[in-house]
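Just below is one structure, and these are the notes that go with it.
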Amino acid sequence: MINYSVNNLINDDTVLQCIIKNKHEPGKRILRDCELFVLDDYDKYKNSTGDLGRISPDVRITLQARDVLKKTYEDNPKALQMMKKEIKEGLPDILKAKCPYCMISAHNTFDHYLDKSDYPEYALFSLNLVPSCSECNSFKNTFLLDENGKRLFINFMFDELPDYPFLKFKLGFEEGKPFLIDIHLEFRDCNPVNDVIINHFAKLKLYDRLNKQFESFMSTIIAEFKEYMLDKITVKQMLEKKIGAWEKTRGINNWEVCILRGMLENEDILDDISVF
């Protein structure tokens, strides 16, 4: 998991105006009629990034305009295509290849953080578009809040994640093979974002999905270290260096980094991949 910054090269007002300019009637007229409301909503979004769950759908947007906004996104006009390309190009290097929600799969679609069905005013808004994999997009669906009004999903542009490792992989070793005991979250404080992280893992089924990644990842790492034929002290040092390097590019709570930490904490695994 890693935060990324707003792409300040994108001018959403200009993108919207370009889309409207090239829209056919009657869609052009309908979008013109709600343009000021939509731009006002963009400002509201920017001023609510601390808790996007507070935003309510804009009742000023007519049903007809709602349908046109959603249909315009689906039509994928050229200005929107260019904006999507800029969003992807502005991502950190690791997220150019991975979905930020799970860091497992490549992103092959865009998720609307505030779903376009309920919030069509943000259907064409760059800050509301998250490159994501289809699996995360499907699990996220139109959900935003739980029954207690708590947000269900991390927003990696605006949520300040804890600056310490909170994702834990507890590993065991039996019959010459490492195995996964459990995956859990472990927080050191009572930061409100912790509840969002807990919901995020549950709703996106990340525990099960990460469990499925474990065996393949472990077999690759173990084969790599056994090929080195190193003593135990050197193995520990190399693991520590790999963890440090991956933390800088993938984040301190990247699941692969967290598995490496789990390896480092298990003496039986370290003995297995060491020659003496």
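Are there any helices (runs of 4 or more DSSP H) wholly within region 197-276 with 1 or more residues that are closer than 30 Å to residue 141 by Cβ, and if so which? Spell out the reasoning first.
Values: elements: 206-228, 232-250, 255-264, 267-272.
Qualifying helices (runs of 4 or more DSSP H): 206-228, 232-250, 255-264.
Over 19 Å from the mean Cα position of the chain (by Cα) and either surrounded by fewer than 17 Cβ atoms within 10 Å (Cβ to Cβ) or under 30 Å from residue 163 (Cβ atoms) (or both): is that true of residue 20 in this structure? Step through it out loud before you land on a result.
Numbers: over 19 Å from the mean Cα position of the chain (by Cα): yes; either surrounded by fewer than 17 Cβ atoms within 10 Å (Cβ to Cβ) or under 30 Å from residue 163 (Cβ atoms) (or both): no.
Judged against the criteria, residue 20 is not a match.
Those residues that are of a type outside the set (A, V, I, L, M), under 28 Å from residue 128 (Cα atoms) and open to solvent by less than 30 Å² (accessible area, probe 1.4 Å), I need them from region 166-198; list them, please.
Within region 166-198, 166, 194 meet the criteria.
Could you list all residues from region 52-88 that are within 19 Å of residue 100 (Cα to Cα) and either in contact (Cβ under 8 Å) with a residue 12 or more places away in the chain or more than 20 Å from the chain's Cα centre (by Cα) (or both)? Step through it out loud before you land on a result.
Step one: filter region 52-88 for residues within 19 Å of residue 100 (Cα to Cα), giving 52, 83-88.
52, 83, 84, 86, 87, 88 - these are the residues of region 52-88 that are within 19 Å of residue 100 (Cα to Cα) and either in contact (Cβ under 8 Å) with a residue 12 or more places away in the chain or more than 20 Å from the chain's Cα centre (by Cα) (or both).
Take the residues in region 109-141 that are among the acidic types (Asp, Glu) and not in a loop (DSSP other than H, G, I, E, B); name whichever of them is farthest from residue 208 (Cα to Cα).
Just the residues of region 109-141 that are among the acidic types (Asp, Glu), to begin with: 111, 115, 118, 121, 135.
Checking the rest, the ones that are also not in a loop (DSSP other than H, G, I, E, B) come to 111, 121, 135.
Working: 111: 21, 121: 34, 135: 13 Å.
Ranking the qualifying residues of region 109-141, first place goes to 121.
Counting only residues that are part of a loop (DSSP other than H, G, I, E, B) and either among the basic types (Lys, Arg) or open to solvent by less than 40 Å² (accessible area, probe 1.4 Å) (or both), how many does region 60-108 have?
Summing the residues that are part of a loop (DSSP other than H, G, I, E, B) and either among the basic types (Lys, Arg) or open to solvent by less than 40 Å² (accessible area, probe 1.4 Å) (or both) in region 60-108 gives 14.
Quick one: would you say residue 2 is within 23 Å of the chain's Cα centre (by Cα) and assigned to a loop (DSSP other than H, G, I, E, B)? Please lay out each step first, then the result.
On the way: within 23 Å of the chain's Cα centre (by Cα): yes; assigned to a loop (DSSP other than H, G, I, E, B): yes.
Spelling it out, residue 2 is indeed within 23 Å of the chain's Cα centre (by Cα) and assigned to a loop (DSSP other than H, G, I, E, B).
Taking region 5-16 as the search range and keeping residues that are assigned to a loop (DSSP other than H, G, I, E, B) and under 22 Å from the mean Cα position of the chain (by Cα), which one is modelled with the highest pLDDT?
Of region 5-16, the ones assigned to a loop (DSSP other than H, G, I, E, B) are 5-11.
Imposing the further condition that a residue be under 22 Å from the mean Cα position of the chain (by Cα) reduces the set to 5-10.
On the way: 5: 81, 6: 81, 7: 83, 8: 83, 9: 88, 10: 93.
Filtering region 5-16 for residues that are assigned to a loop (DSSP other than H, G, I, E, B) and under 22 Å from the mean Cα position of the chain (by Cα), the one modelled with the highest pLDDT comes out as 10.
Got a sec? Which of 239, 210, 206, 230 is crowded, with 16+ Cβ neighbours inside 10 Å and either among the small types (Gly, Ala, Ser) or in contact with a Leu (Cβ under 8 Å, 6 or more places away or on another chain) (or both)? Reasoning before the result, please.
Details: 210 fails: either among the small types (Gly, Ala, Ser) or in contact with a Leu (Cβ under 8 Å, 6 or more places away or on another chain) (or both); 206 fails: either among the small types (Gly, Ala, Ser) or in contact with a Leu (Cβ under 8 Å, 6 or more places away or on another chain) (or both); 230 fails: either among the small types (Gly, Ala, Ser) or in contact with a Leu (Cβ under 8 Å, 6 or more places away or on another chain) (or both).
Exactly one of 239, 210, 206, 230 is crowded, with 16+ Cβ neighbours inside 10 Å and either among the small types (Gly, Ala, Ser) or in contact with a Leu (Cβ under 8 Å, 6 or more places away or on another chain) (or both), namely 239.
In this structure, does residue 42 turn out to be open to solvent by less than 50 Å² (accessible area, probe 1.4 Å), aromatic (Phe, Trp, Tyr), in contact (Cβ under 8 Å) with a residue 40 or more places away in the chain and farther than 19 Å from residue 13 by Cα?
It is false that residue 42 is open to solvent by less than 50 Å² (accessible area, probe 1.4 Å), aromatic (Phe, Trp, Tyr), in contact (Cβ under 8 Å) with a residue 40 or more places away in the chain and farther than 19 Å from residue 13 by Cα.
The values are calculated or read from the model by the stated rules, or taken from the named source; none is laboratory data. Since the model is a prediction, treat every value here as computed from it, not as a measurement. Please note: Cβ atoms are built from the backbone with ideal geometry, for glycine as well, and neighbour counts cover all protein chains shown. Ligands, DNA and RNA are stripped out before the accessible areas are found, and what is left, the full protein with its side chains, is counted by its heavy atoms. Shrake-Rupley method; radii C 1.70, N 1.55, O 1.52, S 1.80 Å.
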